[in-house]
Structure formats: C-alpha cells, structure tokens
Amino acid sequence: MTLLTSCTATRPTLKIGLIAPFEGVHRSLGYEVLAAVKLALLQRNAAGGAAGYGIELVALNDDGVPATAARQVAALAADPGVVAIIGPWQTETAQAAAPALQSAGLAAIIPAALPDADLALAPNAYRLFAGDDALAQALLTAVPPGADVEIRGATAAWATRLIALLPAAGSAGAQVIVLTGDAEAVARQLTISPCVRTITLCFAGPSVAESVVTARAGDAANGLTWTTSLQLPDCAGQAGDFCQAYQAATGAAPGAYAALAYDATMTLLTAIEDSEQPQRVTVLATLRKVERQGVSGKIRFNAQRSWEEAPARLYRVENRTVFR
C-alpha cells in the first residue's frame, strides 16, 4: 500500500519504503511502527520536505514471514522513486532480506537484531540495534555463576555468543534455559515450560518485546529475563514533544517500537536532506555520516554500519508486562 503523508503536488517527490508485518500475529508491531513513520514524514513534509522534495511512504506487508520480507525488498527496488528502506523489524525477516538489499542497491535502516555476520554481508544495511556481543554481555550479567545453560529454539547469534562467554558449569549450578526464535516461538516454549513457579531461570532475546509473547503465554511469561535495544520513550523528558504528537495522532501513548521507528525515519530523512542530489547511491553514502539526537538516544553509525551507542538493556517480565 502506498501512503501519502502530505500534499506534495507542488514539489518533486521521493519515496521511502517500510517493510513490516501488517497482518497476522505480528500486526500490532507493524501498525505501531507505521504510525510513528507516518508522523515523522508528516512533520517533515509540513516543514518543507527534505532537500526540496516531498517524501512519500510505500509500506509493504511481510506478515512476519522471512521469504515475504525478501520479496518485498525486490518490490521496493523495482520502484525507481524509492531511495531507501526502513525494516524489516524482526531478526528472522531481516536476515532473509539482507541479501536482497545488497542486490537492490537500496540503503536500509534495520531496527532489529540482525546478526553481525548478516550485517557484514549486506553493505547497504545500517543496523539500528545492538550487536551479538552487546546483547550477550547484557544477559551474561544476569546468569548465576556456574549455571548449566540450555538453549531451546532456533540458532541465534546472540545466544551462541552468550554460551561462548559463559564459564564452565558447576556441578550444583542453577538451571538456565535460553529461549530463542521469534515471538511466536518464545511464547510456545513458555507455554510448554513456564518460568514461573519453577527453579529454572529463563532468558530470551529481543523478540519478547512483541505483545504476542504475553498474549499467548500469559502468566507463564512472568519471570522471563530478556535483552533488547528497545526502550520506552522518556515522555516526561527529552521525548516529550514526540510523545505528545504521537498521542494526538493515534490516541495512544507511543511504545518502544514507535520510538525506534520515529528515530529510524528521522535519521533517513537527515541523510536525504544532506545528500547533494538525493538518489539511492547518494543517500547510501550520506547515511554513514549522519549524527543526530533521537528519542531513543544519540544516533550515529560505526565503521561496521551499526548503531554506535546502541543500548543493550535487561528487562524482566512481571504481571505480563515486558518493559519493567
């Protein structure tokens, strides 16, 4: 679906693409980020656009399905008006899309835990998230010394790194289960083996931020410790203006995905503004130089095209609330 965020009939236009899940179990994620992206574009277009261009949005649904995400990259690449992409938003969909991004020649800001190895193979991608080691190091601080750790689920780069960092398990160490996979997979594993009311500690990664985890697992998710770069915006502080605008536009307070989506969009708009002639190749070249203060923190990319000051925070699910 193509969504125009402001009247751009009196000036030339460029398009940015958004790939996110707008149907299925992950749809709440998609519509949260869509609202934030539309808000950022509405504000910029009302202020005159970027580099003299009005900015339009082309938002495509990936259903949270990796193969679909890769196809949507190709669909956006086929539109010559699209100069850059935001998304996909989940580790698995971002991994599938990375090779397609390289072929497309489109700059992409990926606000997901794309593994280091996949990022290295996708020179057009910029990761707005912490890397494997940072996520593993954050979890490591919560794992009891000498714990016996078991990974359940698909291979995840941050979990593999966590195992590599752990000291040898002790004979009487705590039992720790690390749940990997997307939000559906984590919820399914929790319903089979709840963390609550057991002696086993449960850990997980960024997918726990999705509402489907607590919606499906219920109280079985309580006690789960997880790591992410997502954080709720500081609506009483530096993110106050964003929060008010988002609330006015949607009738709801912004969540953590909305904050990161707004930052990703504003960062991309800055790259377009700073490009002498905003085209795919110039936006890609300019993106590596962008520095700006966002609602999620300072945005700047390092030589590996990853968020230089990306947080890696720990949260514990309590009363079915993931950000506590």
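The values are calculated or read from the model by the stated rules, or taken from the named source; none is laboratory data. Keep in mind it's a predicted model, so treat the numbers as computed, not measured. Note: ideal-geometry Cβ built from the backbone for every residue, glycine included; neighbour counts use all protein chains shown. Ligands, DNA and RNA are excluded from the accessible area calculation, which covers all protein heavy atoms including side chains. Shrake-Rupley method; radii C 1.70, N 1.55, O 1.52, S 1.80 Å.
Quick look at the numbers
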item	result
Residue ID - least open to solvent (accessible area, probe 1.4 Å), chosen from residues in region 229-254 that are over 26 Å from Ala50 (Cα atoms) and in contact with a Phe, Trp or Tyr (Cβ under 6 Å, 6 or more places away or on another chain)	Ser229
Considering residues of region 255-279 that are open to solvent by 10 Å² or more (accessible area, probe 1.4 Å) and under 23 Å from Ser207 (Cα atoms) only, the residue nearest to the chain's Cα centre (by Cα)	Tyr257
Filter result for Lys298 (assigned to a loop (DSSP other than H, G, I, E, B) and of a type in the set (D, E, K, R))	no
Residues being small (Gly, Ala, Ser) and surrounded by 22 or more Cβ atoms within 10 Å (Cβ to Cβ) - total across region 101-111	2
Search result, residues across region 12-69 that are modelled with pLDDT under 95, in a helix (DSSP H, G or I) and surrounded by 21 or more Cβ atoms within 10 Å (Cβ to Cβ)	none
Selection from region 76-96 of residues that are acidic (Asp, Glu) and closer than 20 Å to Ala117 by Cβ	Glu92
Considering residues of region 196-215 that are farther than 13 Å from Val322 by Cβ and touching a helix residue (DSSP H, G or I) at 6+ places or on another chain (Cβ under 7 Å) only, the residue surrounded by the most Cβ atoms within 10 Å (Cβ to Cβ)	Phe203
Conditions (1) of a type outside the set (S, T, N, Q); (2) open to solvent by less than 10 Å² (accessible area, probe 1.4 Å); (3) free of Cβ contacts under 8 Å to residues at least 12 places away in the same chain: number failed by Ala78	(2)
Qualifying residue in region 142-150 (condition: surrounded by 22 or more Cβ atoms within 10 Å (Cβ to Cβ) and in contact (Cβ under 8 Å) with a residue 24 or more places away in the chain)	no
Some residue of region 220-228 being within 15 Å of Arg316 (Cα to Cα), modelled with pLDDT under 95 and open to solvent by 60 Å² or more (accessible area, probe 1.4 Å)	no
